[in-house]
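Take a look at the structure below.
Since every read-out is calculated from the coordinates, none of them should be taken as a lab result. Computed from a prediction, not measured in an experiment: that's the story for all the values here. Here the Cβ is made from the backbone with ideal geometry for all residues, glycine too, and neighbour counts use every protein chain on show.
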């Protein structure tokens, strides 16, 4: 192939749409059994009417749907219809194991064979890499990450500690509080509440801060983490009830719950870790793209060390709006690169360096 796209979420499908217009040969490899990307894994109680918003894919509109329907169902239907409407070559389920150098080409090794390609657009997102921070001690109750959260019913009548100051932590905490015996919210830093609407100016400022990080090769924070938490009517009501009264992060686990060094303890039946995700890039490890600090130096969507490789949905494009723009930029950049023949020289040089 000319290009292999890894991942068929918002970033992957946007990239595929714009690649279709370049005339390059490409394929999209997706590890999921069906369309929807990370959305298909969202918990069923996350309804369409409560999500922050779904940005449309290129040249399409998000179909209207009952706001009480699970967002995972609606987006999966939307993405599946989009793939069919634009005849995008998505292969699934295909799990990518590694991407390696091979002379002037790249080999994409999967559980369904190997693709030889001139370039790669990586659009794997973060959902496959939930982050579990380590705290000393032992907890005898149940521990769940939001990646495996299925709804508040599983915590009915329990004492629950929710860890994490992001949007998913707040959303799950509010709905768990309706059915739990008690809830406790702990975060590493005090939450930052954002008053007023989420304007384009707010979004651009957040994206710019993350873009600065990836240009310098630092590990990027998510765009959401730098925008603050919106004071929606639901959040305001929960604050009034004391549900969002936050405690600082505990210091250790104990068999019956959590404990702080000042002697305070809280008993719990379950801990929900709403501690976010890390970018799923392990399959790119053979290319040695990371710097000493663990980040990857980027020039827009291109990896600075190898312009044949683009990361879409990474850093500033790790949002639905950013992913669409990034897909367009990546496709245009690869069209210029591959049709100039320059990638042969780049691949040979990179192969010698890595070897």
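Computed packing ranks the peptides 173-179, 141-147 as 173-179, 141-147, most packed first, by mean other Cβ atoms within 10 Å. In terms of overall dimensions, segment 231-278 has a Cα radius of gyration and Dmax of 13.7, 37 angstrom. At a Förster distance of 35 Å, what's the computed FRET efficiency of residue 232 paired with residue 132, Cβ-Cβ distance as r, to 0.05? For residue 232 and residue 132, the calculated efficiency is 0.80.
Note on residue 264 and residue 87: their simple-model spin labels are 6.3 nm apart, each label 7 Å out from Cα toward Cβ.
Packing, as the average of other Cβ atoms within 10 Å across residues, places the peptides 254-262, 304-312 in the order 304-312, 254-262, highest first. Of 14, 182, 340, the sequence from fewest to most neighbouring Cβ atoms within 10 angstrom is 340, 182, 14. Here the ratio of the Cα radius of gyration of segment 54-191 to 2.2 N^0.38 Å is 1.44.
Stretch residue 25-residue 239 to full length: gain in nm at 0.36 nm per residue minus the Cα-Cα span? Don't skip to the end; give the middle numbers.
Working: separation 214, 0.36 × 214 = 77.04 nm, distance 5.27 nm.
Extending this stretch completely gives an extra 71.8 nm.
By the count of neighbouring beta-carbon atoms within 10 Å, fewest first, 267, 245 end up ordered 245, 267.
Put in line by how crowded their Cβ is, counting other Cβ atoms within 10 Å and starting with the fewest, 83, 77 read 77, 83.
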